[in-house]
Amino acid sequence: MPIAIWTPELSLGVASLDADHQKLIDTLNLVFDALLFDRSSSALNSALTTLDDYVTEHFAREEAWMQARHHPDLARHQQEHKALRDHLALLCASRDLSDQERSVELLMILRDWLLGHIAHSDRDASGA
């Protein structure tokens with residue numbers, strides 16, 4: 001059962017960025033399923049690894065796309081990206097939380113930040 005679903009309203013009209021966003025939503029759903037079926041430890045570690053690599057790659061592609069278009073909000077967008085990377089780094093380094101607590105925190109971060117960022121900041125940047 002997904003916690004988030006890709007919809008046409010989230011599309012930026014940029015195939016590579018839309019594919020990235022779909023993969024990030026898939027990761028969100030993977031963690032949610034793990035919590036539902038009590039497999040949080042293995043799914044959490046996999047999701048964090050995926051996010052660490054993928055967020056870095058995706059943000060670089062997205063920022064390069066914006067830079068090539070001389071987008072005026074690039075600096076603000078980069079700050080938003082850095083804030084998520086910093087938050088994920090803190091979560092990865094956290095040893096005070098159980099896997100289940102980290103999974104819940106990850107879900108909240110992804111749901112709130114990712115969906116909000118795609119639906120607002122990224123759509124604004126793409127003109128979609």
For helices (runs of 4 or more DSSP H) lying entirely in segment 32-128, having 2 or more residues that are hydrophobic (A, V, I, L, M, F, W, C) and at pLDDT below 80 picks out 40-68, 74-93, 99-109
What residue, of Leu97, Leu74, is out of contact with any Phe, Trp or Tyr (no Cβ under 9 Å at 6 or more places or on another chain), more than 30 Å from Gly127 (Cβ to Cβ) and of a type outside the set (Gly, Ala, Ser)?
-> Leu97
Can we say Ala119 is surrounded by fewer than 17 Cβ atoms within 10 Å (Cβ to Cβ) and within 13 Å of the chain's Cα centre (by Cα)?
-> yes
When (1) free of Cβ contacts under 8 Å to residues at least 12 places away in the same chain; (2) within 17 Å of Gly127 (Cα to Cα); (3) of a type in the set (Val, Ile, Thr) are applied to Val14, the one that fails is (1)
Of the conditions (1) in contact with a helix residue (DSSP H, G or I) (Cβ under 9 Å, 6 or more places away or on another chain); (2) surrounded by 12 or more Cβ atoms within 10 Å (Cβ to Cβ), the single one that Lys82 does not satisfy is (2)
For the subset of segment 17-36 comprising residues that are aliphatic (A, V, I, L, M) and without any contact (Cβ under 8 Å) to a residue 60 or more places away in the chain, which member is farthest from Glu57 (Cα to Cα)?
-> Leu36
Which number in (1) within 23 Å of Ala125 (Cα to Cα); (2) in contact with a Leu (Cβ under 9 Å, 6 or more places away or on another chain); (3) of a type in the set (S, T, N, Q) marks the one condition that Thr7 misses?
-> (2)
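The values are calculated or read from the model by the stated rules, or taken from the named source; none is laboratory data. Bear in mind the structure is a predicted one, so any value in this text is a computation, not a measurement. So basically every Cβ, Gly included, is an ideal-geometry build from the backbone, and we count neighbours across all protein chains shown.
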